[in-house]
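Report on one structure; see the data block that follows.
The values are calculated or read from the model by the stated rules, or taken from the named source; none is laboratory data. Note that the coordinates shown come from a computational prediction; the quantities given were computed from them, not determined experimentally. Cβ placement follows ideal geometry from the backbone for every residue including glycine, while neighbour counts extend to all protein chains displayed.
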Amino acid sequence: MSSKEPTGLLFDMVECVGCRNCVKACMESHGFAGDPEGATTLSATCYTTMVVEDDYPIRNMCRHCVQPSCQSVCPVGALKRTEEGPVVYDASKCIGCRYCMVACPFNIPRYEWDKAVPAVRKCDMCIDRQREGRKPACAEACPKGATVFGTRKELLAEAWKRIKKSPRDYYPHVYGEHELGGTSVLFLAPHEVASLGYKAALGNEPLPKLTWQVLSKLPGVGVVSAATLMAIWWITRRRDEVALAEGRVGGNGRARHEERN
Amino acid sequence: MTNQIDSRFGFWRGTFYLLLGVGLVLTVMRFTQGLGSVTNLSDRYPWGLWVGFDLLCGVGLAAGGFVLTATVYIFNIQRFKPVVRPAVLTAFLGYVMVVTALLFDLGKPWNIWHPIVMGNPTSVMFEVALCVMSYTAVLALEFSGMVFERIGWKRAWKVQKAVTVPLVIFGVVLSTFHQSSLGTLYLIVPGKLHALWYTPVLPIVFFVSSAMVGLAMVIVESHLSARAFGRQLEMPLLSDLGRVLVGVLGVYLVLRVFDLAYRGVIGQAFGLTYEALLFQLEFAVGILVPFALLSFPKVRANSHGLYGSALLVVLGFICHRLNVSITGFEGAQGGRYIPSLGEALITLMMIAIGFAAFRFCVRTFNVYPEEAHEPVLAPVRVAAEVPAAVLGRAQR
């Protein structure tokens, strides 16, 4: 099971009829009481939404990045990309710093602001269902093949197949294939759609690289600065000792041996 | 005169108790009903005043500790020795306050120790957590000398003396790490943080500005405590610090301008947008005006000129940290984040307790070595006196 290809979801804006069965199924499977019609923004009790833009429905949910920012920034490893593909959260580890929410390029994680013992909430691609060999609730509920479940590889092949089959209907780009190192949730669109949150300016390099470039240098910086400080300390002290031995007082006022405090 | 002081004490004591009382109620609310009950934090703005001010500014404003200990113990510039102890005390209290503020801000503060055993090495927050914990311990040890001296534990005092230099070196390395890392935290949000503040050199910007504000804080604090405790100002010494400060300000100015120019966004600084205006405020108040003022030896030699300039540096620094943590996000996140009254009051309570603790330590320990000692006052009385003493010029 563990050596299987990582899974993902493909959402096809062109095929989608906007029935919101996916949103409803998501709410039901998580036991959230809410109105699927009114679910336009993600919340701690709403892991996926559907809004209509220029007559095309757009789903929003965790992208399950291949190299997730949230996993990289979490100080305690509460967020992890599993071997199966989904990025999942472990509330028992979480300290509640909310750096994941700040760092997520898609603004996905939500917080339980009104709870005394709060947790981060987001889509987990129904990992429990997946481990039972079932599809995520949203994919199972989709009547039109607009939300498709499969391995990321299969989904990419399927996406390009759809684009090639009807090039007039599709914008020739699979959102999430390369952006920020790739996401496990992929999008097909009829035209360029900025509100999907894939910003061309951010490029195809995973964001965690930006902090790691600096962080990985710290041990070196530490060794060099500690050695430099020790050298400076030795030199300045030696200078005073020499001055004292020669009967002068150190250039910076009192010689070290005369110190009281 | 005495009556005047008494009534002022009464007023400040009342304010202090009021802050403490309201703060206590808010604290109970925050821990029983969640962060949402007292803060304006939201899914769009998960970090607000407590991260932007209490954490980012708190750590920066306490930088005087590592700057001054390095100056005296490593660079062996002994004439700055008189200001080391107050700087170490400020740093220690500052870090204790930062950690306390974190206990309010963290969603599950009882898990604050998790990074020690569950550390994720790719996380800047993990690195900051370890450094802040270690450095708070280092500061406690640096401060412990004053305590041992006061209670007469000669052997402990001697041991503390003996390990001062390694302790200082460790402290400076830790400070270099986490002062810069607070900037590194924001490197992962190129799509969210405004171009006027997002730069690959954020770690360097944060480190240089911490050294800068550390120096400024030593000057500000010397003036405040001179007023509060009726001490003489060490003017020649502080003027020297002012000269170093103007040098660091110059480096910081060049760094910021060069960075903006190199990234081709310097034009955005001159607009009339919301971001541009707050950038201009930060730059003028915190860099240009104090740099110009402190360039004149006359200003540096004048106690009011020096104090005023240093205060501007501190205010500009606070403005920078709030711009990075709040203003810079508002364009990308939409809407505005304005701290709630509850957030502000808890922050104010923390500052008030900090002042009181400082006052208590100065009265109890030999913080200003050449000073004669007054008897120790009850902490509550001390706490009530602090704001009055700090603000009341008439007392002298």
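Some values worked out for this structure:
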item	result
Residue that is surrounded by the fewest Cβ atoms within 10 Å (Cβ to Cβ), among those in the range A:16-45 that are within 22 Å of the chain's Cα centre (by Cα) and under 21 Å from A:Arg134 (Cα atoms)	A:His30
Residue check for A:Ala201: aliphatic (A, V, I, L, M), part of a helix (DSSP H, G or I), at pLDDT 95 or above and assigned by TED's automatic domain parsing to the domain that holds A:Thr49	no
Residue ID - nearest to the other protein chains (Cβ to nearest Cβ), chosen from residues in the range A:104-162 that are without any contact (Cβ under 8 Å) to a residue 12 or more places away in the chain and of a type in the set (Lys, Arg)	A:Lys115
Test: residue in the range B:155-162 that is part of a helix (DSSP H, G or I) and touching a residue at least 60 places away in the same chain (Cβ under 8 Å)	no
Filter pass, B:Met133 being within 19 Å of A:Leu215 (Cα to Cα) and more than 10 Å from chain A (Cβ to nearest Cβ)	yes
Matching helices (runs of 4 or more DSSP H) fully within the range B:33-118 where at least 1 residues are more than 7 Å from chain A (Cβ to nearest Cβ) and touching a Gly at 6+ places or on another chain (Cβ under 8 Å)	B:58-61, B:64-69, B:84-105
Residues of the range B:235-277 satisfying the condition of being polar (S, T, N, Q), more than 29 Å from B:His223 (Cα to Cα) and surrounded by 15 or more Cβ atoms within 10 Å (Cβ to Cβ)	B:Gln268
Residue satisfying all of: in the range A:75-86; of a type in the set (D, E, K, R) and away from chain B (no Cβ under 14 Å); farthest from A:Ser216 (Cα to Cα) among these	A:Glu84
Boolean, B:Val289 is at pLDDT 95 or above and buried (at least 17 other Cβ atoms within 10 Å of the Cβ)	no
Helices (runs of 4 or more DSSP H) fully within the range B:242-337 counting 2 or more residues that are under 21 Å from the mean Cα position of the chain (by Cα) and farther than 19 Å from B:Ser210 by Cα	none
Subset of the range A:1-46 (residues that are assigned to a loop (DSSP other than H, G, I, E, B), touching a strand residue (DSSP E or B) at 6+ places or on another chain (Cβ under 7 Å) and in contact (Cβ under 8 Å) with a residue 24 or more places away in the chain)	A:Glu5, A:Pro6, A:Met13, A:Val14, A:Cys16, A:Gly18, A:Arg20, A:Leu42, A:Ala44
Residue within the range B:15-27 that is crowded, with 22+ Cβ neighbours inside 10 Å, within 24 Å of B:Ala137 (Cα to Cα) and in contact (Cβ under 8 Å) with a residue 60 or more places away in the chain present	no
In the range A:49-74, residue nearest to the other protein chains (Cβ to nearest Cβ) [restricted to those that are surrounded by fewer than 24 Cβ atoms within 10 Å (Cβ to Cβ) and part of a loop (DSSP other than H, G, I, E, B)]	A:Gln67
From the options B:Val168, B:Val128, residue that is part of a helix (DSSP H, G or I), more than 27 Å from B:Thr347 (Cα to Cα) and assigned by TED's automatic domain parsing to the domain that holds B:Met217	B:Val168
Test for B:Pro236: is it within 11 Å of chain A (Cβ to nearest Cβ), over 22 Å from A:Ser69 (Cα atoms) and modelled with pLDDT under 95	no
Filter result (touching a helix residue (DSSP H, G or I) at 6+ places or on another chain (Cβ under 6 Å) and within 9 Å of chain B (Cβ to nearest Cβ)) within the range A:87-96	A:Lys93, A:Ile95
Enumeration of residues in the range B:184-194 that are more than 21 Å from A:Ala226 (Cβ to Cβ) and either assigned to a helix (DSSP H, G or I) or among the small types (Gly, Ala, Ser) (or both)	B:Leu185, B:Tyr186, B:Leu187, B:Ile188, B:Gly191
Candidate set from the range B:185-196 (those that are buried (at least 22 other Cβ atoms within 10 Å of the Cβ) and among the hydrophobic types (A, V, I, L, M, F, W, C)); member that is farthest from the other protein chains (Cβ to nearest Cβ)	B:Leu196
Residue under evaluation B:Lys81, criteria (1) over 30 Å from A:Met101 (Cα atoms); (2) modelled with pLDDT of 95 or more, criterion not met	(2)
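Yes/no matrix, rows are residues, columns are (1) under 23 Å from A:Pro208 (Cβ atoms); (2) crowded, with 22+ Cβ neighbours inside 10 Å; (3) in contact with a helix residue (DSSP H, G or I) (Cβ under 9 Å, 6 or more places away or on another chain); (4) free of Cβ contacts under 8 Å to residues at least 12 places away in the same chain:
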position: B:Arg85; (1), (2), (3), (4): no, yes, yes, no
position: B:Thr90; (1), (2), (3), (4): no, yes, yes, no
position: B:Gly94; (1), (2), (3), (4): no, yes, yes, no
position: B:Ala101; (1), (2), (3), (4): no, no, yes, no
position: B:Gly107; (1), (2), (3), (4): yes, yes, yes, no
position: B:Pro115; (1), (2), (3), (4): yes, yes, yes, no
position: B:Phe126; (1), (2), (3), (4): yes, yes, yes, yes
position: B:Leu141; (1), (2), (3), (4): no, no, yes, no
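Here is a yes/no grid of residues against (1) outside the structural domain of A:Ala146 (by TED's automatic domain parsing); (2) of a type in the set (S, T, N, Q); (3) within 20 Å of A:Cys16 (Cβ to Cβ); (4) touching an Asp or Glu at 6+ places or on another chain (Cβ under 8 Å):
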position: A:His30; (1), (2), (3), (4): no, no, no, no
position: A:Thr49; (1), (2), (3), (4): no, yes, yes, no
position: A:Glu53; (1), (2), (3), (4): no, no, yes, no
position: A:Pro57; (1), (2), (3), (4): no, no, yes, no
position: A:Met61; (1), (2), (3), (4): no, no, yes, no
position: A:Cys94; (1), (2), (3), (4): no, no, no, no
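Let's see how each residue does on (1) part of a helix (DSSP H, G or I); (2) facing another protein chain (nearest Cβ under 7 Å); (3) at pLDDT below 90:
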residue	(1), (2), (3)
A:Val223	yes, no, no
A:Thr228	yes, no, no
A:Trp233	yes, yes, no
A:Glu241	yes, no, yes
A:Gly247	no, no, yes
A:Gly251	no, no, yes
A:Arg254	no, yes, yes
A:His257	yes, no, yes
